[in-house]
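This report refers to the structure that appears directly beneath it.
The values are calculated or read from the model by the stated rules, or taken from the named source; none is laboratory data. All values reported here derive from a predicted model rather than from experimental measurement. Cβ coordinates were reconstructed from backbone atoms using ideal geometry, including for glycine residues, and neighbour counts include every protein chain displayed.
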Amino acid sequence: MLKKLSVITLTAAALLVLSCGTKPSNGIWYSFNDGFRKSITENKIMMIDFFSETCQYCKVMDYESFSDDGILRILDESYVPVRVDVGDMNAEPVIIAGEYMRPFQLGEYLGVKGLPSLAFIDSNGKFLTMLPGYIPAETLKGMLGYIADGCLSSKVPLEDYLNGSASCSNKKDI
């Protein structure tokens, strides 16, 4: 795990040197390389949506969760949303510590076991957590707030955060 964090941190420094556009070409989503760079420069958490065009639950999550206005607002304010199609063999290679990886290799590297999966990496390149499987909009909204508000790193129980009995250091209105 420490090796993984070191490699991601080294990648952050390498990506700062590379030049690339900052606007996503596909709606709210950035490529991994663009998103990682934006995460560093804007000091935002990168949320990586690992998906495949053939994954039915990925399509449902896209339609139901990623079209929700509340989720879109949270993503815009607190995250850099990145989308990685693990089935796209022609996709732009992902750069990790100066090495190129295919999207599926990035998924394996970060521990993706199934699709859809959401990985979260902070602006320092530290891996925060992985959320596997389809997540309904209301549940995802709470989880995004929980991570953005610093509750995960503060080890505040998710249930306490969701029912309002615990507060976190970076609490924002969601």
Restricting to segment 146-174, and then to whatever is among the aliphatic types (A, V, I, L, M) and either under 16 Å from the mean Cα position of the chain (by Cα) or assigned to a strand (DSSP E or B) (or both), can you tell me which residue is surrounded by the most Cβ atoms within 10 Å (Cβ to Cβ)? I147
I'd like the full set of residues that are closer than 14 Å to Y134 by Cβ and in contact (Cβ under 8 Å) with a residue 12 or more places away in the chain, limited to segment 34-61. D49, F50, F51, S52, C55, Y57, C58, V60, M61
Restricting the first residue to segment 62-82 and requiring it to be on the phi < 0 side of the Ramachandran plot, which pairs with a second residue that is of a type in the set (D, E, K, R) meet a Cβ separation below 6 Å and a spacing of at least six or different chains? G70/K141; I71/K141; Y79/K44; V80/K38; V80/K44
Consider A137 carefully, then state whether it is under 26 Å from I40 (Cα atoms) and either in contact (Cβ under 8 Å) with a residue 60 or more places away in the chain or of a type outside the set (A, V, I, L, M) (or both). no
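If you take just the helices (runs of 4 or more DSSP H) that sit entirely in segment 6-89, which of them hold at least 3 residues that are over 15 Å from the mean Cα position of the chain (by Cα), within 18 Å of L118 (Cα to Cα) and modelled with pLDDT of 95 or more?
Working: elements: 32-42, 56-64, 69-78.
Where helices (runs of 4 or more DSSP H) fall fully within segment 6-89 and carry at least 3 residues being over 15 Å from the mean Cα position of the chain (by Cα), within 18 Å of L118 (Cα to Cα) and modelled with pLDDT of 95 or more, they are 56-64.
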With the structure loaded, tell me whether D69 is within 20 Å of I147 (Cβ to Cβ) and in contact with a strand residue (DSSP E or B) (Cβ under 7 Å, 6 or more places away or on another chain) or whether it fails that test. no
Going through segment 112-137 one residue at a time, which ones are exposed (fewer than 14 other Cβ atoms within 10 Å of the Cβ) and modelled with pLDDT of 95 or more? K113, G114, T129, G133, P136
Does segment 133-145 contain at least one residue that is assigned to a helix (DSSP H, G or I), under 20 Å from D62 (Cβ atoms) and of a type in the set (D, E)? yes
